[in-house]
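The values are calculated or read from the model by the stated rules, or taken from the named source; none is laboratory data. Being a predicted model, the structure only gives us computed values, none of them experimental. Glycine also receives a Cβ, built like all others from the backbone with ideal geometry; neighbour counts cover every protein chain displayed.
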């Protein structure tokens with residue numbers, strides 16, 4: 001028999017730990033990841049640095065610094081102390097992050113192309129023709145392609 005689902009906390013239980021809520025709201029994969037972000041100064045609550053044990057209330061505004069300096073802004077709409085299904089977890093907050101500017105989108109696109117081209121070039125092995133060219137460069141052979149010894 002399944003246990004009854006855990007509903008979001010009522011307004012009477014007005015607070016929950018920040019690291020727990022970040023994990024329950026699926027803003028971080030694990031609670032320990034949320035704790036690391038809080039300790040590292042990556043999470044601000046109402047403009048102040050958020051510690052993992054800080055009590056979170058409905059209406060609090062969170063600013064989460066993500067990779068590459070991107071900042072996510074979230075307003076707490078509901079509290080939950082235990083895991084809920086992902087669709088319900090999305091109802092715990094409102095994401096008010098402004099959309100990226102065209103310049104930011106262009107920079108992201110350039111970074112993406114840069115890293116994919118570097119990975120592709122270094123990940124594959126050279127084919128027969130490239131191996132011969134590399135060998136000629138290493139040996140300092142002045143004979144051109146197509147000439148036999």
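Go through segment 34-52 and count every residue that is closer than 17 Å to residue 80 by Cβ and in a loop (DSSP other than H, G, I, E, B). Matching residues across segment 34-52 total 1.
Within segment 16-33, the set of residues being assigned to a helix (DSSP H, G or I) and closer than 13 Å to residue 72 by Cβ comprises 22 only. The residue list 84, 107, 43 contains one member that is modelled with pLDDT of 95 or more and either under 16 Å from the mean Cα position of the chain (by Cα) or surrounded by 11 or more Cβ atoms within 10 Å (Cβ to Cβ) (or both), which is 43.
Does segment 63-82 hold any residues that are free of Cβ contacts under 8 Å to residues at least 60 places away in the same chain and over 22 Å from residue 49 (Cβ atoms), and which are they?
Taking segment 63-82 first, the residues free of Cβ contacts under 8 Å to residues at least 60 places away in the same chain are 63-77.
Correct list: 77 only.
Take the conditions part of a loop (DSSP other than H, G, I, E, B) and modelled with pLDDT of 90 or more and apply them to residue 58. Does it pass?
Working: part of a loop (DSSP other than H, G, I, E, B): yes; modelled with pLDDT of 90 or more: yes.
When the stated conditions are applied, residue 58 passes them.
The single condition from (1) closer than 18 Å to residue 31 by Cα; (2) modelled with pLDDT under 90 that residue 63 fails is (2).
One line per residue, one yes/no per condition, for (1) at negative phi; (2) touching a residue at least 24 places away in the same chain (Cβ under 8 Å); (3) within 14 Å of the chain's Cα centre (by Cα):
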position: 33; (1), (2), (3): yes, no, yes
position: 39; (1), (2), (3): yes, no, no
position: 49; (1), (2), (3): yes, no, no
position: 53; (1), (2), (3): yes, yes, no
